[in-house]
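The values are calculated or read from the model by the stated rules, or taken from the named source; none is laboratory data. The model shown is predicted, which means the values in this text are computed figures rather than measured ones. So basically every Cβ, Gly included, is an ideal-geometry build from the backbone, and we count neighbours across all protein chains shown. To get the accessible areas, we keep the full protein, side chains included, count just its heavy atoms, and leave off ligands, DNA and RNA. Shrake-Rupley method; radii C 1.70, N 1.55, O 1.52, S 1.80 Å.
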Amino acid sequence: MDTDVVIVGAGPTGLVLAIDLARRGVRALLVEKADRLFPGSRGKGLQPRSQEVFDDLGVLPEILAAGSAYPRMLAWEGAERQGEWDMLERSEPTEQVPYAEVLLIPQSRTQELLYARLLELGGAVRFGAALTGFRQDEDGVTAELSTGGTVRAAYLVAADGGRSTVRRGLGIGMTGETVDPRPMLVADLRLSPGAVVDRGNWHIWAKAPGGGVALCPLPGGDTFQLIAGFEDETAAVDTSAGAVRALLAERTPLTEDEVVEVLWASDFRARAAMADRFRDGRVLLAGDAAHVHSPAGGQGLNTSVQDAYNLGWKLGQVLRHGAPAALLDSYEAERQPVAADVLGLSTRIHQASAEGRGTQRGAEVQQLGLGYRDSALSVETRAGLAEDALRAGDRAPDGPYGAARLFDLFRGPHFTLLAVGVPLPAVGTDAIRAARLDAYEPYGTGLFLIRPDGYVGWAGANADGLDTYLAAVGAGAPERARDVVTADA
């Protein structure tokens, strides 16, 4: 075969998947029909769980340096300031949650940093290469590209957005609804230093004539993201620079001359929809190709990142470690219910904001509580657990580990066997790192096999049944430890 996996679309989903596969030694061809990365700020909030993913992928320091905390909201009526408030509940890092707040960073910058990380790992993006067709059989997928010729791969992953060519080619429907029939404009623009709005707040004109306006300062320069609504459902949204300038002058105290440059602009209508299935044989859907969200609540990009993170290790186990192909069935089984829940959350937040019932957004948007307890890959063998006990399927918390952190131990493409308050068995293959803690309250007591995506896959009071689980996920029979280390909590 020419490659192991063809990934269609170099957005956040495709880039995260390509990074994860590259560090697993899986050959991937990432194709993008545009001649460059997406240039706009669209998905600008990184939730704490996505920050944990980027920590594992080795790109978080650069992401944190390029981002900032969300500014306080500032309400305006015409040229009069009315008052400030926090849209997000502020929280401090804890031992279990090292990244506690949503990070503000434009999507374009996130993608630039992911792309740089992919290049570091020896990967690449083939720009200007659109998928023009594909066909699959029992042994693989043949992809046809606009640059000519075909590519043969074991699997194809559609990360090509809400209008996915691959999804339509498979005939997979999208079930959902229009969250709000009124159009919206989103744009990135530079304002002159003397403009009436400052960079210390997110500025809101909720009662502006023609529709509400929001101007959010983006980190790293003099750029703002504009979001403008339209009260008329039939309005034709003009995304030209002149029209954007005129809209701001009509609805806010800004003058057209204070808009130095319109860098990017697009229009949309808020929808919530999910693909009827995420897999068709050797073709899988991820990100917006599988689910589209209202931007309210900052869930779309983050859910897409989680899709790629969930799929990457499973493809790696099947392609490099002999796991049965049936392991890939767990991708849809785990991610589809999560996507459904997140779609509902985004819709509720959008509707509340549209009706003037906006409230602070707290833990429900951070994606730290999402898990896979009902998955066939979540095997809990301990009995008599307390209701709030950590179980198989839950996110594995961070915490102190000797002079380092548990997340330092988990970081990488391996599984981790963690013994807490029980003996550490002689378990491990090249795919497993084993470690022991005398005690750590968030974990309770037992053996915990941490999946490569940071969730507890198997938990038990002893190692009975662990080898069966390891064989099912392609981690091999427990014979020898690659890296056994111990420390007191």
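Only protein heavy atoms count here; on that basis, with a 1.4 Å probe, F410 has an accessible area of about 20 Å². Treating r as the C-beta distance of F268 and E387 and R0 as 41 Å, the FRET efficiency rounds to 0.45. Using only Cα coordinates, the Kirkwood hydrodynamic radius of the chain works out to 23.7 Å.
At the listed q of 0.13, 0.18, 0.20, 0.24 Å⁻¹, the Debye profile of segment 73-131, built from one uniform point per Cα, gives log10 I(q)/I(0) equal to -0.70, -0.87, -0.92, -1.04.
Estimated translational diffusion coefficient (Stokes-Einstein, Kirkwood radius over Cα pairs, 37 °C, 0.692 mPa s) of segment 274-327: 268 µm² per second. Relative to the longest principal axis of the Cα atoms of the chain, the long axis of helix 241-251 lies at roughly 70 degrees. Counted by Cβ distance under 12 Å from R282, the other residues give a net charge of -2, where Lys and Arg count +1 and Asp and Glu count -1. Net charge dipole, segment 173-223: roughly 140 debye, given to the nearest 20, about the Cα centre with Cβ charges of +1 for Lys and Arg and -1 for Asp and Glu.
When the charge dipole of the chain is built from unit charges on Cβ atoms (+1 for Lys and Arg, -1 for Asp and Glu) and taken about the Cα centre, the candidate among G369, L15, P48 whose Cα reaches farthest toward its positive end is L15. What is the sum of charges, Lys and Arg at +1 and Asp and Glu at -1, for the other residues whose Cβ falls under 9 Å from the Cβ of G11? Neighbour charge sum, excluding G11 itself: -3.
Each of the peptides 192-199, 261-268 was scored by the mean count of other Cβ atoms within 10 Å over its residues; in descending order, highest first, they stand as 261-268, 192-199. Bridgeable aspartates and glutamates around K314 (alpha carbons under 15 Å apart, same-chain partners fewer than 8 residues away excluded): D4, D20, D329, E332, E334, D453. Summarising the amide proton neighbourhood of T223: residues at separation of 5 or more, or on other chains, whose placed amide H is nearer than 5 Å comprise L218. Overall, the accessible surface of the chain at a probe of 1.4 angstrom is composed of carbon and sulfur to the extent of 48 percent. For segment 382-457, the ratio of Cα radius of gyration to the globular rule of thumb 2.2 N^0.38 Å stands at 1.02. Against the chain, whose longest principal axis comes from its Cα atoms, helix 48-57 is set at around 60 degrees.
Rg/Rh for segment 107-248: what does it come to with C-alpha atoms and Rh from Kirkwood? Reported Rg/Rh (Cα atoms, Kirkwood Rh): 1.08. Per the Debye calculation on segment 22-78 with a single equal scatterer at every Cα and no solvent contribution, log₁₀ I(q)/I(0) for q = 0.18, 0.19, 0.25, 0.26 Å⁻¹ amounts to -0.95, -1.01, -1.18, -1.18. Relative to one another, the C-alpha centroids of segment 367-439 and segment 50-93 are positioned 30 Å apart. Distance from the C-alpha centroid of segment 179-241 to that of segment 128-164: 37 Å, rounded to the whole angstrom. What FRET efficiency comes out for D238 versus A340 if R0 is 35 angstrom and r is the Cβ-Cβ distance? Round to the nearest 0.05. Efficiency, rounded to the nearest 0.05: 0.50.
The aspartates and glutamates within cross-link reach of K207, meaning a Cα-to-Cα straight distance under 14 Å and a gap of 8 or more places when in the same chain, are E77, E80, E231, E250, E355. A viscosity of 1.567 mPa s and a temperature of 4 °C, combined with the Kirkwood radius over C-alpha pairs in the Stokes-Einstein formula, give segment 182-274 a diffusion coefficient of 97 µm²/s. Based on a Kirkwood Rh over C-alpha pairs, give the Stokes-Einstein translational diffusion coefficient of segment 1-97 at 20 °C and viscosity 1.002 mPa s in µm²/s. The Stokes-Einstein estimate is 127 µm²/s. Projecting the Cα positions of V59, L104, G123 onto the charge dipole of the chain (unit charges on Cβ atoms of Lys, Arg, Asp and Glu, taken about the Cα centre) puts G123 furthest along the positive direction. Here the chain is assigned +1 on the Cβ of each Lys and Arg and -1 on the Cβ of each Asp and Glu. Its dipole about the Cα centre then comes out at about 760 debye.
To the nearest 10, the accessible area of H293 is 30 Å² with a 1.4 Å probe. Solvent exposure of segment 262-326, expressed per residue, is 27 Å² of accessible area, with all protein chains present and a 1.4 angstrom probe. The rule of thumb for compact globular proteins, 2.2 N^0.38 Å, goes into the C-alpha radius of gyration of segment 52-150 1.70 times.
Axis angle, to the nearest 10 degrees, between helix 12-23 and the longest C-alpha principal axis of the chain: 30 degrees. Would you please state which residues of segment 143-185 a label at R135 would reach in this model, taking the label point 7 Å out along Cα→Cβ and a backbone N cut-off of under 15 Å? Within reach of a label on R135, which here means backbone N under 15 Å from a point 7 Å along Cα→Cβ, segment 143-185 contributes 143-145, 149-153, 170. Of the listed residues D180, D374, D232, the order by accessible area with a 1.4 Å probe, largest first, is D374, D232, D180. The mean sequence separation of alpha-carbon pairs under 8 Å and at least six residues apart, normalised by the residue count of the chain, gives a relative contact order of 16 percent.
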